[in-house]
Amino acid sequence: MKQLMLSALLVSLLAACGSTPTKPAEKPVAQKAPVQQPQAETKPVAIDPLKDPNNILSHRSVYYDFDKSVIKAEYKPMIEAHAAYLVAHSSAKVTLQGNCDERGSREYNLALGQRRADSVKSLMEAGGVPAAQISTVSFGSEKPRALGHNEEAWAQNRRTDIVYQGE
Amino acid sequence: MRYITGFIALLFLLVRPAFAELSIEIVGGGENEIPVSVVPFESDDPGVSKVIAADLARSGMFKMIDPGAMLPHKIEDVNFPAWKSAGADAIVIGGIYPAATPGQYEVRFRLIDVAKGAQLVGFSYTVTSDQMRLTAHRIADVIYQQLTGDVGIFSTKIAYVLKKGRHFELQVADADGYGAQTVVSVSDPIISPAWSPDGKKIAYVSFELGKAAVYVQDLMTGRRHIVANFRGSNSAPAWAPDGQHLAVVLSRDGRSGIYLVGENGGRPALVESSQGIDTEPSFSPDGKYLIFTSDRGGSPQIYRTLVAGGPAERLTFEGSYNVSPHYSPDGKSFVYLERNSGHFNVAIQDFATGQSQLLTDADLDQSPTFAPNGKLILYASIYGGRGILAIVSSDGRIKQRLTMQAGDIREPAWGPLVH
């Protein structure tokens, strides 16, 4: 997460450098990431909407209740935004990675993670995304993001991640 | 429940690259323990009698009587009245002697009924020095069977997955945790190991291709092959009793369904699918039935179906989460994992009566598997924030914990009886 924030920061920094060449990058931002200062940029670089923290497309995770794959209403605008992006960028491809918390059966969780990823895929397809742009995989409970044995960790691990090709 | 305070720390020799410190702690014992004494064997440098005593003690079925100063090695040296007053019903005596062939030893033991003043059973084994531990386990099996009437499982093996950071190893060890060997070592998760009926191969699921695929590996040669790697997840391998086929779970057609494949792979044949998830197949000992987990009814429950096809019958009805079924070796019951007010525990259900009994009481138990005699159940749990293995007797009275310093252990599978 930290790394993602940092790279998002870096991209906006790059963009700031490129698109407004007359103005130097704002000081506070430059101070926050002095080591990451890129070498002189000559070309303007557009902000990557997928990584712009102000853009809904930078949101990539759908969270679930225990043993559920129903997508909560709060995640639908985000998934629909990704669907619209994929429709607009036919060369872009995503992998939907389904995950579960550690509790219960690892094998059932593997199947549940697949269902979670598939539910996001269905919503994207309903938004007009061709199936060829979407692949799914389940990691079940085998690749937890949070390692604790408590609800806080479990809530983070019941998740589908939207990962763009090349990321 | 009576708690045994004794802590058995097992020592391991650094003879193999996959060294693992697996220690066993008995956390609960049986009530009808048979008082037995294992007398240190004559010229027992390899410690055979110690291994026998540790096996018997760990089973929870015996009350170990300290032999004190009484050290008979022959039946004519046994002072029966003294053993009676020491409270022993049975004693084990024996010795280790050089055999006629150089480099070989004769391990002799006798199990003696103190009340009758007579031998119950006695054997002699001619072995090499590296077979001493196995011989001790085999002797413990004979004693266990003689005194309890059940088959002993001390000479069997267990498999499990060891997680060290982001590194995963499938390991095989003796049932007492000794002599761990690494079967596979990868930097991706491994789950669901399953022993072939002859104990020579293990099927498992590895994520090393970026997703779940089913492998079968020969334990002698180390060679392995992929049994199922279709689109989607490939998982939950279960050997048919014939050792020629496996039930696997494939999501290639969208939903997770149960298929049969040959041991060498090939075209899968659909056995069971529904609108929901169907997974975790387990064969009945006669190979005719499969029990499995399905959430076709809205919550994960356990069902049974004929392998040849036909309607599935629901077996569990209490609670909203019953998963991970495994047939007992006699086919009369099954173990499974149930969710109980937020806890995940091992339970056993009888096919004939439909009655179930909760066997464990930790927070996060997982993956129960029967010992080949059906008397013990090995499962995974979390203890002290770490993945451990635990054993509970099928009546719930005897409990043990197996912990490893090196990392988290999980996904146990108890190997078959091999003679």
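The values are calculated or read from the model by the stated rules, or taken from the named source; none is laboratory data. What you see is a predicted model; the values in this text were computed from it and never measured. Cβ placement follows ideal geometry from the backbone for every residue including glycine, while neighbour counts extend to all protein chains displayed.
Quick notes
- Here residue B:85 clears all of (1) free of Cβ contacts under 8 Å to residues at least 12 places away in the same chain; (2) more than 16 Å from residue B:65 (Cα to Cα) except the condition numbered (2).
- One residue from B:179, B:210 being within 20 Å of the chain's Cα centre (by Cα) and surrounded by fewer than 23 Cβ atoms within 10 Å (Cβ to Cβ): B:179
- The number of residues in region B:382-397 being within 14 Å of another protein chain (Cβ to nearest Cβ) and either hydrophobic (A, V, I, L, M, F, W, C) or not in a loop (DSSP other than H, G, I, E, B) (or both) comes to 5.
- Unmet requirement for residue B:189, which otherwise passes all of (1) under 23 Å from residue B:381 (Cβ atoms); (2) surrounded by fewer than 20 Cβ atoms within 10 Å (Cβ to Cβ); (3) over 21 Å from the mean Cα position of the chain (by Cα): (2)
- Scanning region B:328-339 for residues that are more than 11 Å from chain A (Cβ to nearest Cβ) and closer than 19 Å to residue A:106 by Cβ yields B:334, B:335.
- Positions within region A:136-164 being of a type in the set (S, T, N, Q), closer than 18 Å to residue A:78 by Cα and within 13 Å of another protein chain (Cβ to nearest Cβ), in sequence order: A:136
Conditions tested, residue by residue: (1) out of contact with any helix residue (DSSP H, G or I) (no Cβ under 6 Å at 6 or more places or on another chain); (2) of a type in the set (S, T, N, Q); (3) part of a strand (DSSP E or B); (4) touching a residue at least 24 places away in the same chain (Cβ under 8 Å).
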{"position": "B:159", "(1), (2), (3), (4)": "yes, no, yes, yes"}
{"position": "B:162", "(1), (2), (3), (4)": "yes, no, yes, yes"}
{"position": "B:172", "(1), (2), (3), (4)": "yes, no, yes, yes"}
{"position": "B:178", "(1), (2), (3), (4)": "yes, no, no, yes"}
{"position": "B:182", "(1), (2), (3), (4)": "yes, yes, yes, yes"}
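- Failed criterion for residue B:202 (all others in (1) free of Cβ contacts under 8 Å to residues at least 60 places away in the same chain; (2) away from chain A (no Cβ under 13 Å) hold): (1)
- First in region B:218-240 and surrounded by fewer than 18 Cβ atoms within 10 Å (Cβ to Cβ), second anywhere and among the charged types (D, E, K, R), Cβ under 6 Å, 6 or more apart: B:218/B:201; B:230/B:252; B:231/B:252
- Annotation: of all residues in region A:93-126 being in contact (Cβ under 8 Å) with a residue 60 or more places away in the chain and either of a type outside the set (Lys, Arg) or within 10 Å of chain B (Cβ to nearest Cβ) (or both), the one that is farthest from residue A:163 (Cα to Cα) is A:99.
- Boolean, residue B:193 is in contact with a Phe, Trp or Tyr (Cβ under 6 Å, 6 or more places away or on another chain) and within 14 Å of chain A (Cβ to nearest Cβ): yes
- Yes/no for residue B:67 being within 23 Å of residue B:145 (Cβ to Cβ), part of a loop (DSSP other than H, G, I, E, B) and not assigned by TED's automatic domain parsing to the domain that holds residue B:174: yes
- Every listed requirement among (1) surrounded by 15 or more Cβ atoms within 10 Å (Cβ to Cβ); (2) not in a helix (DSSP H, G or I) is met by residue B:123 save one, (1).
A quick yes/no check of all residues on (1) over 23 Å from residue B:397 (Cβ atoms); (2) assigned to a strand (DSSP E or B):
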{"site": "B:296", "(1), (2)": "yes, no"}
{"site": "B:309", "(1), (2)": "yes, no"}
{"site": "B:319", "(1), (2)": "yes, no"}
{"site": "B:325", "(1), (2)": "no, yes"}
{"site": "B:330", "(1), (2)": "no, no"}
{"site": "B:337", "(1), (2)": "no, yes"}
{"site": "B:346", "(1), (2)": "no, yes"}
{"site": "B:349", "(1), (2)": "no, yes"}
{"site": "B:357", "(1), (2)": "no, yes"}
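- Filter result for the condition that a residue is under 28 Å from residue B:164 (Cβ atoms) and in contact with a Phe, Trp or Tyr (Cβ under 6 Å, 6 or more places away or on another chain), over A:159, A:106: A:159
- Filtered residues of region B:246-262 (kept if touching a Phe, Trp or Tyr at 6+ places or on another chain (Cβ under 8 Å) and at pLDDT 95 or above): B:246, B:247, B:248, B:249, B:250, B:258
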